[in-house]
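As structure tokens, the structure follows; a few thoughts come after it.
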Amino acid sequence: MSHNTSAPVTAKFSPGFGKKRKKYEPKGRQVQPHALQEVSVLLGDVDLNRRDLLIEHLHVIQDKFGHLSAAHLAALAELMKISQTEVYEVATFYAHFDVVKENQTPPASKTIRVCESLTCMLSGAEKLISELEASASANVRVVRAPCMGRCQSAPVAEVQHNPVDHATTTKVNDAIQQELFETIVPEYQNFVAYQASGGYDLLESCLANQKKPEQLIDILTDAKLRGLGGAGFPTGRKWQFVRSYQGPRVMAVNADEGEPGTFKDRHYLESNPHNFLQGMLIAAWAVEAKTVFIYLRDEYPAARKILQTEIAALEAAGLSRHTTIELRRGAGAYICGEESALIESVEGKKGLPRHRPPYVAEVGIYNLPTLVQNVETLYWIPEIINHGAEWFTKEGRNGGVGLRSYSVSGRVNNPGVKLAPAGITVKELIEEYCGGMVDGHDFKAYLPGGASGGILPANMGDLPLEFGQLEAHGCFVGSHAVVILSNADDMKEVALNLMKFFEDESCGQCTPCRVGTEKAVALMQEPTWNLSLLDSLSSTMRDASICGLGQAASNPLSCVIKYFPEEINSTGGAQ
């Protein structure tokens, strides 16, 4: 290869090139006094030495100014005594933080987010996005967003993070014009009403040592209660594992239900938060957790407001005297639903999954033994202990044990959270709990466990929706998010929508997931699918990805190839 030797010589003597910095000139981006003053006043008297509160501080600045400027990021780094690089890389990792570089124009003052995930796509999200983009004024921006946890009200939009259910262009624009940005809190059972009904008697008996942790663990084990966030690990056994490690111990609540199609946790947080809170405090007592971190989706502002109010009430009543409760706010990262990524985020870092072992039960938050539980799992704890294991285990169908909260959306008459026997089939769920299919739609297929749980055809609609029952068919029930599809739905488009979600939400840490999802989307957008290449790509993602996102991302693709071959124009045989 030949080299142009004249170019370096010219560059060397060009103005400013190679000029040495004088010793008294500072390096890097300098902190601007006015920005330092603004951030300092905004944060008030918070403990700036706590590195784990970085994301909380970023939220405060974003909420105030509508974006994160380079000057404010530099000021925050100075106040917290950490590097600007650390602050910048965390801020740019999360989708809900709008980082504005120097000399870059800040985003519009008002933001409309429109969900483009599967159920909203089925309900006309693309048309809504096009109409809103066409009608948006200069001070309004329209942003595509992943699932917002309101699938029963599809299509869904957010105006400044406040939801607009069954969104239309008129409803969204009216919200913008009227500036209805105040969080609307639904009716729910508050602390006074819950306590009046004897709600916290069980916790009080635990704190008074009238019960023993081992006694509660035995009840939960006999009830066969499992983690209901997706993995289904036995709850009693998890408590035993955490208790087996030397303290101090902590606890994390996974309220970051970002799986497309899932909204059951939001339902309980916005209707009966104290059943969950009591279960949480009992679990903290049982494992002797000195601190409980509730990691809540940023898409749930009403739930956040409810929890802020009700946690303050129970703290004032002395019911959390055995632990400290910290409510943490997610920032738009699906990956933080994975327990080790959640822990990284709680510590104020990018939500990158950890390599395991060690597992978080042994080395979790601050490297302490950590109990991680899902909202619905904790919701059931007071019910099961008060009523006994047999009360719970007598429920169930087709070999399933207990009750389940199924988030049902799609082509049914009555979508929503359906409390039904574990092991119910999708056909039973549609007919008995959802009022049947929407008129003019014939049942064609279903997602048994959200975006990552795969897709099954209607002729396999008699399989139990329960842990361990669907794996042989390339699927799993996960968080019990059931999306119903009909003869109006193109299965290739369904699979592509789901793969685009995983492409966007990949944390980027491992190559098989980061590159695999991107390549899969490109191949799936081709008129003819190369099945051998897609199959090879899917296998690599499943086998080599660090966490469940990459490992499960190809499930919908593989299911469409396997169960709906007649809808695919393809070359090459699947290996």
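The values are calculated or read from the model by the stated rules, or taken from the named source; none is laboratory data. Predicted, not measured: the structure shown is a model, and the values here were computed from it. Positions of Cβ are backbone-derived with ideal geometry, glycine not excepted, and every protein chain shown enters the neighbour counts. Note: areas computed on protein heavy atoms with side chains; ligands, DNA, RNA excluded. Shrake-Rupley method; radii C 1.70, N 1.55, O 1.52, S 1.80 Å.
Multiplying the residue separation of Glu432 and His473 by 0.36 nm and subtracting their alpha-carbon distance yields 12.3 nm. Look at (i) 1.03; (ii) 1.75; (iii) 1.65: the one that is Cα Rg over 2.2 N^0.38 Å derived from this structure is (i).
Under 5 Å between amide hydrogens, built in the peptide plane, is the criterion, and for Ser570 it picks out Trp529 among residues at least 5 positions away or on other chains. Note that segment 363-417 presents 32 Å² accessible area per residue, ligands and nucleic acids not counted, probe 1.4 Å.
Based on protein heavy atoms only, segment 28-159 ends up with 45 Å² per residue of surface accessible to a 1.4 Å probe.
Near the amide H of His161, within less than 5 Å, lie the amide hydrogens of Arg113, all on another chain or at least 5 residues away, with H placed in the peptide plane.
Per residue, how much accessible area does segment 486-575 show when a 1.4 Å probe rolls over the protein heavy atoms, in square angstrom?
43
Close amide H pairs (under 5 Å, H built 1.01 Å from N) link Thr324 with Thr291, Val292, residues at least 5 positions away or on another chain.
Can you tell me how segment 129-204 classifies by the Cα gyration tensor, rounded, prolate or oblate, using a/c under 1.5 as the rounded cut? Prolate is the answer for segment 129-204, as a/c is 1.5 or above and a/b outweighs b/c. Label positions at Asn162 and Gln210, each projected 7 Å from the Cα along the C-beta direction, are separated by 4.4 nm.
Taking square-rooted eigenvalues a ≥ b ≥ c of the alpha carbon gyration tensor, is segment 31-102 rounded, prolate or oblate, where a/c under 1.5 means rounded and, failing that, a/b exceeding b/c means prolate? Taking the square roots of the gyration eigenvalues as a ≥ b ≥ c, segment 31-102 is rounded. Ligands, DNA and RNA left out, the accessible area of the chain computed with a 1.4 Å probe is 49% carbon and sulfur. These residues, Asp52, Asp222, go from largest to smallest accessible area, 1.4 Å probe, as Asp222, Asp52. Segment 342-377 and segment 69-85 have their alpha-carbon centroids 26 Å apart. Residues Met541, Met460, sorted by accessible area with the largest first, give Met460, Met541 [1.4 Å probe; ligands and nucleic acids excluded].
Length available on full extension from Ala193 to Asp543: 0.36 nm per residue minus the Cα-Cα distance, which gives 121.0 nm. Note on segment 135-243: lysine pairs with Cα distance below 24 Å, sequence gap of 8 or more or different chains, count 5. With each label modelled as a point 7 angstrom along the Cα→C-beta vector, the Thr324-Ser244 pair spans 2.9 nm.
How much net charge surrounds Glu315 when only other residues with a Cβ under 13 Å from its Cβ are counted (Lys, Arg +1; Asp, Glu -1)?
With Lys, Arg at +1 and Asp, Glu at -1, the net is -1.
Taking the Cβ of Ala71 as the center, what net charge do the other residues with Cβ under 15 Å away carry, scoring Lys and Arg +1 and Asp and Glu -1? Overall, the nearby charge balance is -1. The local environment of Arg141, defined by Cβ-Cβ distances under 14 Å, has a net charge of 0 under the rule Lys, Arg +1 and Asp, Glu -1. In this structure, the residue pairs whose Cα-Cα separation is over 25 Å, taken from Lys427/Lys492; Lys101/Lys305; Lys101/Lys349; Lys127/Lys264; Lys427/Lys562; Lys64/Lys349, are Lys101/Lys305; Lys127/Lys264. Once the mean of 1/r is taken over each pair of separate Cα atoms and inverted, segment 367-459 shows a Kirkwood hydrodynamic radius of 15.1 Å. Sparse packing (at most 13 other Cβ atoms within 10 Å of the Cβ) combined with a DSSP loop state is found for the following GluC sites (Glu not before Pro) in segment 150-206: Glu179, Glu182, Glu187.
Only the Cβ atoms of Lys and Arg (+1) and of Asp and Glu (-1) were treated as charged; on that basis the dipole of the chain about its Cα centre amounts to roughly 2120 debye.
Modelled spin-label separation between Glu133 and Lys305, with each label point placed 7 Å from Cα along the Cα-to-Cβ direction: 3.2 nm. Placing +1 on the Cβ of every Lys and Arg and -1 on the Cβ of every Asp and Glu, with nothing else charged, gives segment 320-434 a dipole about its Cα centre of roughly 280 debye.
Selection among Leu549, Gly261, Leu53 by position relative to the dipole of the chain gives Leu53 as farthest towards the positive end (Cβ unit charges, Cα centre). Taken about its Cα centre, segment 179-287 carries a charge dipole of roughly 720 debye when the Cβ of each Lys and Arg holds +1 and the Cβ of each Asp and Glu holds -1.
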